[in-house]
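Peer 1: Below you will find the structure I want to go over with you.
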Amino acid sequence: MLSYQHAYHAGNHADILKHFVLTFVLKSLNKKENPYTFFDTHSGSGLYDFEDNRSLKTGEASCGIKKLLKALDDTPCFDFPDFLDYIDIVKTYAKKNLYPGSPLIERDFMRSQDFLILSELHPQEIENLRENINDSFYKKSEDSDFPSVMIHKRDGWEMLKALTPPHTKRGAVLIDPSYEESEDYELAAKTICEVFKKWSNGIFLLWYPLLAHRETEINSMLENIKSDVRRVNKNTEIVNLKLCVFDKDRHVEKSLDMVLSDEDKKNPPRLYGSGMIVINAPWKLKENGEKVVEFLKNVISFQSQEES
């Protein structure tokens, strides 16, 4: 869907969950010296400005990552290395009023022996991506180099099916479509199941929205993925993490810093959270991820504020 622009939503609660899980998987892959390939099917521009009018219009970053960073600064009591690695990289960009999208997080965590393959169709977004991926103000250390990066102006679903399995046996893919088209739910399940059959040792990360009016499509997608994957290998480790920040029966699609009237609250609910399903999940992702999700609910969830 070429109309979608992530600049409106960068740094929101969905990005926090998605990018924490992403960094957890990247760190897990980095534990072995052998190279790996990472695919990102819907890359976007890779870098977002908190002062961009689109970000200011929705206020989602203010109620998401900015709120979280302030909470951690005020009460730095959450000692969880896997989560703080994500926070550390975000803080580096936040100093310049920027938020890193998944391509830059991937690039910054990967090593020189690894391969990063990005796909984006939006004409302006891919130009921004090409420029941003070469911006190297962030460096892990003076003697570290970035991975080899290939950027495709290509349909992400088609790219993944065409380029898997990769030459390296190890690898992972982040799938993060806009879900503006209802067919994306079916395409996600179909593509993952097709690719898993030929790349059963790959790690698959799928982000999905929590939308009350799409509950049937979401549940069908998740069930199809689980059943088809376990048909190939019944012992496959599958982790499904969900972060709900609003009550699904009350949340409406408005700027998150607005006070909702009684009339607003009667409107059909929109995005009230998001989920990440991970196939071939790394060790301890479920245990550690559930702790992080619980922490995030207490810090950025509007549910906890309404109940208090």
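All of the numbers you see were taken from the coordinates with simple rules; none came from a lab. What you see is a predicted model, and the numbers here were worked out from it, not measured in a lab. All Cβ positions, even for glycine, are placed from backbone atoms using ideal geometry, and neighbour counts span all protein chains on display.
Peer 1: Be a star and scan region 152-170 for residues whose amide nitrogen sits under 19 Å from the point 7 Å along the Cα-to-Cβ vector of K31.
Peer 2: Counting backbone N atoms under 19 Å from the label point, the list is 169-170.
Peer 1: Taking R0 as 22 Å, what's the FRET efficiency between N233 and K286 from their Cβ-Cβ distance, rounded to 0.05? Walk me through the numbers on the way to the answer.
Peer 2: Working: r = 18 Å, r/R0 = 0.80.
E between N233 and K286, to the nearest 0.05, is 0.80.
Peer 1: Based on the Cα atoms of the chain, what semi-axes does the equivalent ellipsoid have, where each is the square root of 5 times one gyration tensor eigenvalue, given in whole Å with the largest first?
Peer 2: Values for the chain, descending: 28, 23, 20 Å.
Peer 1: Ranking D155, D145 by Cβ neighbours within 10 Å, fewest first, what do you get?
Peer 2: Ascending Cβ contact count within 10 Å gives the list D145, D155.
Peer 1: Another question about this same structure. Considering only DSSP beta bridges where both residues belong to the chain, give the percentage that are antiparallel (nearest 5).
Peer 2: The answer is about 50 percent antiparallel.
Peer 1: Please arrange M221, M150 by counting, for each residue, the other beta carbons lying within 10 Å of its beta carbon, fewest first.
Peer 2: Least to most surrounded, the residues fall as M150, M221.
Peer 1: Right, here's the next one. Can you show me the helix-derived [θ] at 222 nm for the chain, built from DSSP H runs with n ≥ 4 at -39,500 (n - 2.57) apiece and divided by the number of residues, rounded to the nearest 500.
Peer 2: Here the helix-only value at 222 nm equals -13500 deg cm²/dmol.
Peer 1: Please report the net charge: other residues with Cβ closer than 13 Å to the Cβ of E194, K and R +1, D and E -1.
Peer 2: Net local charge, E194 excluded: +2.
Peer 1: Can you put F302, F39 in order, fewest other beta carbons within 10 Å first? Don't skip to the answer; put the middle values down first.
Peer 2: Details: F302 19, F39 28.
Fewest to most other Cβ atoms nearby, the residues stand as F302, F39.
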